[in-house]
Amino acid sequence: MARPLKLVGLDGGVYNYTPAHEPLTPSPRGRFETRVAFAAAHVVVDPFRTTDPLTQPFIDWDATIAYREYLWSLGFGVAEAMDTAQRGMGLDWPLALELIKRSTAAAHACGGFVASGAGTDHLSKGHSVTLQDVTDAYLKQCEAIEAVDCRIIGKSRPGRCRSSRRRLRIGLCDRALPGAPSCHPSLARPHV
């Protein structure tokens, strides 16, 4: 028999909901052997403290990290601070960085794998940006992610310097990996 869940109603009150069927429970396992399968896990918002989750979310950090630990137990890596799961859905760069710090610490503690998105979302919106602005923005977030010993996922931003994407990619690689023969994504080495 399925266990009841406590849910928050529209009036802010709590009610019990019992699922109609027993959920599937996959058995925990270690990391996959030949590939890294990333989950873009969402954050858990505290429903009792959040009045507007898109502009001022209050994150339930314990539940958020517990969900990541569950994903790691199934063998997944976590792609943290990505547009699909958090950014653009309520997390600004300072809150995304806090998520990256907490998730990275938890991953190191339990042997999980996490890589985090670096982008340009902290640049002011609505004004023209130069190639240098975009390069500096990426480097700022890359440095912050590296400072907590986390791997980096470069997030593309189609609206930023469209005509200069290739020059930006090459410029970032030259600054981040001086002397590297190439930074083409197909030559990147996977983390094992």
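Criterion first (modelled with pLDDT under 85, assigned to a loop (DSSP other than H, G, I, E, B) and farther than 28 Å from Ala66 by Cα) does Leu168 satisfy it? Here the answer is no, as Leu168 does not meet what is asked. Report yes if some residue within the stretch 153-161 is surrounded by 16 or more Cβ atoms within 10 Å (Cβ to Cβ) and at pLDDT 85 or above; otherwise report no. Scanning the stretch 153-161, I find at least one residue that is surrounded by 16 or more Cβ atoms within 10 Å (Cβ to Cβ) and at pLDDT 85 or above, so the answer is yes.
Return the pair list, or none, for Cβ contacts closer than 7 Å from residues in the stretch 31-53 that are farther than 13 Å from Arg68 by Cα and aliphatic (A, V, I, L, M) to residues that are surrounded by fewer than 16 Cβ atoms within 10 Å (Cβ to Cβ) and modelled with pLDDT of 85 or more, at least 6 apart or on different chains. Here the result reads Val45/Phe58, each pair linking the stretch 31-53 to a residue that is surrounded by fewer than 16 Cβ atoms within 10 Å (Cβ to Cβ) and modelled with pLDDT of 85 or more. I want to confirm something. Restricting to the stretch 33-47 and keeping residues that are in a loop (DSSP other than H, G, I, E, B) and in contact with an Asp or Glu (Cβ under 9 Å, 6 or more places away or on another chain), which single residue is nearest to Ala79 (Cα to Cα)? Looking at the filtered set, the residue picked out is Ala40.
In the stretch 83-125, how many are basic (Lys, Arg) and at pLDDT below 80?
Count: 2.
Scanning the stretch 48-78 for residues that are under 19 Å from Arg151 (Cα atoms) and assigned to a loop (DSSP other than H, G, I, E, B) yields Gly75, Phe76. Each residue in the stretch 123-148 was checked for being closer than 27 Å to Trp72 by Cβ and either touching a His at 6+ places or on another chain (Cβ under 7 Å) or assigned to a strand (DSSP E or B) (or both), and 0 pass.
Listed by first and then second residue, the pairs with beta-carbon distance under 8 Å, at least 6 apart or on different chains, first residue in the stretch 12-24 and in a loop (DSSP other than H, G, I, E, B) and exposed (fewer than 10 other Cβ atoms within 10 Å of the Cβ), second at pLDDT below 75 and not acidic (Asp, Glu), are Thr18/Ala2; Ala20/Ala2; His21/Ala2; Glu22/Met1; Glu22/Ala2; Pro23/Ala2. Across the stretch 61-80, not a single residue is classified as closer than 27 Å to Ala137 by Cα and at pLDDT below 90.
Return the residues of the stretch 13-28 that are modelled with pLDDT of 85 or more and either closer than 29 Å to Gly112 by Cα or of a type outside the set (Phe, Trp, Tyr) (or both); say none if nothing qualifies.
Passing the criteria: Gly13, Val14, Asn16, Thr18.
Just one of the numbered conditions (1) at pLDDT below 75; (2) more than 16 Å from Val114 (Cα to Cα) is not true of Arg31: (2). Annotation for the stretch 112-122: at least one member residue is assigned to a loop (DSSP other than H, G, I, E, B) and in contact (Cβ under 8 Å) with a residue 60 or more places away in the chain.
The values are calculated or read from the model by the stated rules, or taken from the named source; none is laboratory data. None of these values were measured; they are calculated from a predicted model. FYI the Cβ positions are ideal-geometry reconstructions off the backbone, even for glycines, and counts take in every protein chain you see.
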